[in-house]
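Colleague: Input: one structure, supplied below.
Nothing in this text is a laboratory measurement; each read-out follows from the coordinates by a stated rule. Quick caveat: nothing in here was measured; it's all calculated off a predicted structure. Cβ sites come from the backbone with ideal geometry, for glycine too, and all protein chains shown count toward neighbours.
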Amino acid sequence: MDKLLTMSKKELTRLEIMQRLKAKRLKQKEAAEILGVSERHIRRLLSAYQQEGESGLISKRRGKPSNNQLQPEIKQQAIDLLHSRYADFGPTLAHEKLSEVHELKLAVETVRQIMIAEELWKPRKVKHKPVYQMRPRKACRGELVQIDGSPHTWFEDRGPDCSLLVYIDDATGQLMELFFAPAESTFSYFAATRRYLHRHGRPVAFYSDKHGIFKVNVKNALSGSGMTQFGRAMNSLDIEIICANTPQAKGRVERVNETLQDRLVKELRLSDISTIDAANAFVPEYIADFNRRFAVQPRSNHDAHRPQLFSAAELNIIFSLQETRTLSKNLTIQYNKVIYQILTNRPTYALRKSQVTVCENSQGQITILYKGNPLHYSVFRKQIRQAQVIMSKDIDTHLNKTRKTHKPAHDHPWRQYGRRISGKPIQETISHGND
């Protein structure tokens, strides 16, 4: 009875070549060139064909486990760790943790296949995204830094919601600064930028969106300098602000936000960090690790950052809210519903109608400057609190602080309404209404 043989396409090609060699219709050198092997291997195949026939050309390893297969105990250890610690991790991040923390030498694809088999990871279908014109990276580090804020549940259910301010270099893809803040505000960007200047110096330009912190969005504004408080501060530091028209235009910082919302959240969980202060202390360590993995070499080795030449006192003034006021005849000004009286030993007429600058820091402390010099003052009177101007992103936070549930009094007519209706027959109430 003939034996049924299963051969691959490659083995069928070898069979045909061996038949031609056996029939003396082909030379060994020509056969080696056709199959892409050495003449010695051709002689080995021909000898196996002559001794065993067609079965001699079939691989003896077929149906047997690979010599390089993963050891069962290592695979089980990886499965246990994935279920206990990295159940919601992606394959790449899980592979990094298994390799670096637990010293399990596995390939990324091996981890991916294990997670799919254990139903910890579901393969995603590739989405056909719209294609946008690519903008080449800047040549020098510090030439352009993309900035953005990312509100997210960074501490999951362990701590309060907050925003992460992200500064990423366009030329290298390096994370230059990460700063956790309760909300995306002018003062939070002031604090983050001050940390940036301390670490790296002054960049040439910041690339942001059209948020009201960076750009005046009121058309045909009749008052003001045309710059926001952050824009005025950057102008004092000689840092240009460029606003993107679309999110895709600053895609580098948008993509890193998505990466951080996955990776950084899990790193904070593994480090048991649940407060803003602890997260900001952890940030330098994470930035160094992130840049080691993902940063690229710039086209130029020149660093475009400039030295930070301002003193701490000068930076305190620059990173404050500033507004211009005109002194009255009595040397008083009004700012934020408070009237301030200027105290001076010089004749009062010397300061009448003079322009002064009111500076307010993040703690609400007021400094009044005249030609760059601070003036002594006293609080003359606080006006009655009126309506406040609140940014759209701060509305929910403000309402949660001030909102109180109104509870009617026990003798309120609203509480008696149900009793009066229930105390009368329904027909009587209806007929009375018709009368």
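Colleague: Taking R0 as 60 Å, what FRET efficiency do you get between Lys337 and Glu100 from their Cβ-Cβ distance, rounded to the nearest 0.05?
Modeller: After rounding, the FRET efficiency stands at 0.60.
Colleague: Sketch the reach of a paramagnetic label on Ser84 as a point 7 Å from Cα along Cα-to-Cβ, and name the residues of the range 262-297 whose backbone nitrogen lies under 18 Å away.
Modeller: Under cut-off, by backbone N: 270-272.
Colleague: Using a 10 angstrom cutoff on alpha carbons, build the Gaussian network for the chain and name the most mobile of Met234, Met115, Met176.
Modeller: Met115
Colleague: How big is the convex hull of the Cα atoms of the range 219-343, per residue, in Å³?
Modeller: 229
Colleague: Which one of Ala117, Ala78, Ala205 has the biggest mean-square fluctuation once the chain is modelled by GNM with Cα springs under 10 Å?
Modeller: Highest fluctuation of the listed residues: Ala117.
Colleague: What's the local net charge at Val37, with K and R +1, D and E -1, over the other residues with C-beta under 10 Å away?
Modeller: +1
Colleague: What 222 nm value per residue comes from the helices of the chain, counting each DSSP H run with n ≥ 4 as -39,500 (n - 2.57) and dividing by all residues, nearest 500 deg cm²/dmol?
Modeller: About -11500 deg cm²/dmol.
Colleague: Who wins for biggest fluctuation among Phe155, Phe89, Phe230 in a Gaussian network model of the chain, springs between alpha carbons below 10 Å?
Modeller: Phe89
Colleague: Tally Lys and Arg at +1 and Asp and Glu at -1 over the other residues with C-beta under 13 Å from the C-beta of Thr153: what net charge comes out?
Modeller: -1
Colleague: Could you tell me how far the Cα centroid of the range 309-360 sits from the Cα centroid of the range 137-190, in Å?
Modeller: Between the Cα centres of the range 137-190 and the range 309-360 lies a distance of 33 Å.
Colleague: Taking a ≥ b ≥ c as the square roots of the eigenvalues of the Cα gyration tensor of the range 145-294, is the shape rounded (a/c under 1.5), prolate (a/b larger than b/c) or oblate?
Modeller: prolate
Colleague: Right, here's the next one. How would the range 21-75 be classified by its alpha-carbon gyration tensor: rounded, prolate or oblate, with rounded meaning a/c under 1.5 and the a/b versus b/c comparison settling the rest?
Modeller: Values: a/c = 4.65, a/b = 2.34, b/c = 1.98.
Because a/c hits 1.5 or more and a/b exceeds b/c, the range 21-75 counts as prolate.
Colleague: Same structure again: Of [x] 39, 23, 21; [y] 32, 27, 23; [z] 69, 37, 20, which is the value of semi-axes √(5λ) of the Cα gyration tensor in Å derived from the coordinates here?
Modeller: [z]
Colleague: Relative to the longest principal Cα axis of the chain, at what angle does helix 413-422 sit, 0 to 90 degrees, rounded to 10?
Modeller: 70
Colleague: Would you mind ranking Asp209, Asp303, Asp277 by Cβ crowding within 10 Å, fewest neighbours first?
Modeller: Working: Asp209 20, Asp303 15, Asp277 9.
Ordered by Cβ neighbours within 10 Å, fewest first: Asp277, Asp303, Asp209.
Colleague: With +1 assigned to the C-beta of every Lys and Arg and -1 to the C-beta of every Asp and Glu, and no other charges, what is the dipole magnitude of the chain about the Cα centre in debye, to the nearest 20?
Modeller: 980
Colleague: What full-extension length gain, to one decimal in nm, is calculated for Lys210 and Tyr370 as 0.36 nm per residue of separation minus the Cα-Cα distance?
Modeller: Fully extending the segment from Lys210 to Tyr370 adds 54.4 nm.
Colleague: Using the structure shown, select from Lys60/Lys105; Lys10/Lys129; Lys29/Lys105; Lys215/Lys337 the pairs with a Cα to Cα distance greater than 31 angstrom.
Modeller: Lys10/Lys129; Lys29/Lys105
Colleague: Hey, another quick one. Within a Cβ distance under 13 Å of His200, other residues only, what is the Lys/Arg minus Asp/Glu net charge?
Modeller: On the way: positive: Arg141, Arg194, Arg195, Arg199, Arg202, Arg306; negative: Glu143, Asp169, Glu177, Asp303.
Cβ neighbours under 13 Å give a net charge of +2.
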